[in-house]
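S.K.: The structure that follows is given in the form of structure tokens.
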Amino acid sequence: MATNQQPNNQANNNEEEVDLGSLFVIIGRGFSKFFNFIGNIFKGIFHFFILILIFLRSNFLKIAIAAVIGFTVGLFLEVKKENTFGSTLLVEPNFESARQLYNNVNFYNDLVKQKDTSRIQNIFQIDKKSAGSLKKFEIEPIKNKSDIINSYDDFIKSVDTTTVKSYKFEDYKNSFEELDYKLHEITVIATKNDVFDKLSNVILESVTENKYFNRIKELTNENLNRTDSLLRQNLGQVDSLRRVYLQVMVEEAKKQSNGTSIDLGGEKRTTKELELFETNRKLNSELRSIVENKSKKYEVINVISDFQPIGYEIKGVTKNLGFQLAIVLSVLVILILLVLKLNTYLNTYKK
């Protein structure tokens, strides 16, 4: 029996060794294929890069000629065109008035595109030359990640726990629109450098004179003033109570110094003193928040930075027509050459 079991055990060990050997071979092949795959990707990228260099070297003269022609024409147009100036207005809209502000600025820009000088004159109360000098109105948010975080924090505080669990930060971030940012920048471009200071009042009043926003502003400020008054009253009452407890503690200390050992609930009184201190701290914190809100919500739109009276000149390499046309013509020639090369390849492929 022992003799029969020994060959069987040896056979089982040999089978296990064969299975393990096969497993390692399979794993080795898998790693080999994986690294070959990665290597082929890098080879493909390198090959594509070489093809681009060969293409550019073969057609360098054509591309260079197109760039020179574009630069020359663009430089001629750049000399002929009028100088342009820009100025920016930085604002903080309240009461969800940003949408109305965006609509109004886009409306002014449409008037500029349509060259409706007479209507621009009437809206901004400026002369015809100044109205004709306006070339562009645009508005965009100052994107700040902290705006999203603070807004989400306010959202969490205003809803129940169940809603918070079902609405994650990433979902909130994806739903955050440009209008939801706090600060927004209005930029005006014109061919005159002294027209900007006449624009800001009209742009702002187109929103601030809205009856709906004014009503919300009045109600909000009434509530803030009422809360401010109530908090100050509560703070005064807490301070009075603290003074009373302080006097009691002084009297208690005098009695103890005279040899009296009557305990009037000192431990409870100390607890009450700590509670009053905490209440005082919370009331002060809420009062600071109310004061901050009052300063921010006092107007429909807060002006952080007004238009500069004299605009800055818009210039630079990327703004130069010579540079722009050189790039455009070069890209155009490259596209044409690629199309011709593709057409040649397709004709050859058919054969």
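S.K.: Assuming R0 = 30 Å, can you tell me the calculated FRET efficiency for the pair Tyr312 and Phe76, based on Cβ-Cβ distance, to the nearest 0.05? Could you put the intermediate results ahead of the total?
M.R.: Numbers: r = 25 Å, r/R0 = 0.84.
E between Tyr312 and Phe76, to the nearest 0.05, is 0.75.
S.K.: Please find the FRET efficiency linking Gln125 to Phe42, where r is the Cβ-Cβ separation and R0 is fixed at 45 Å, and quote it to the nearest 0.05.
M.R.: Once the sixth-power term is evaluated, E becomes 0.10.
S.K.: Once amide H atoms are placed 1.01 Å from N in the peptide plane, what residues at a sequence separation of 5 or more from Ile304, or on another chain, have their amide H within under 5 Å of its amide H?
M.R.: Excluding prolines and chain starts, which carry no amide H, the hits are Leu90, Val91, Glu92.
All of the numbers you see were taken from the coordinates with simple rules; none came from a lab. Keep in mind that what you see is a predicted model, and the values were worked out from it rather than measured. FYI the Cβ positions are ideal-geometry reconstructions off the backbone, even for glycines, and counts take in every protein chain you see.
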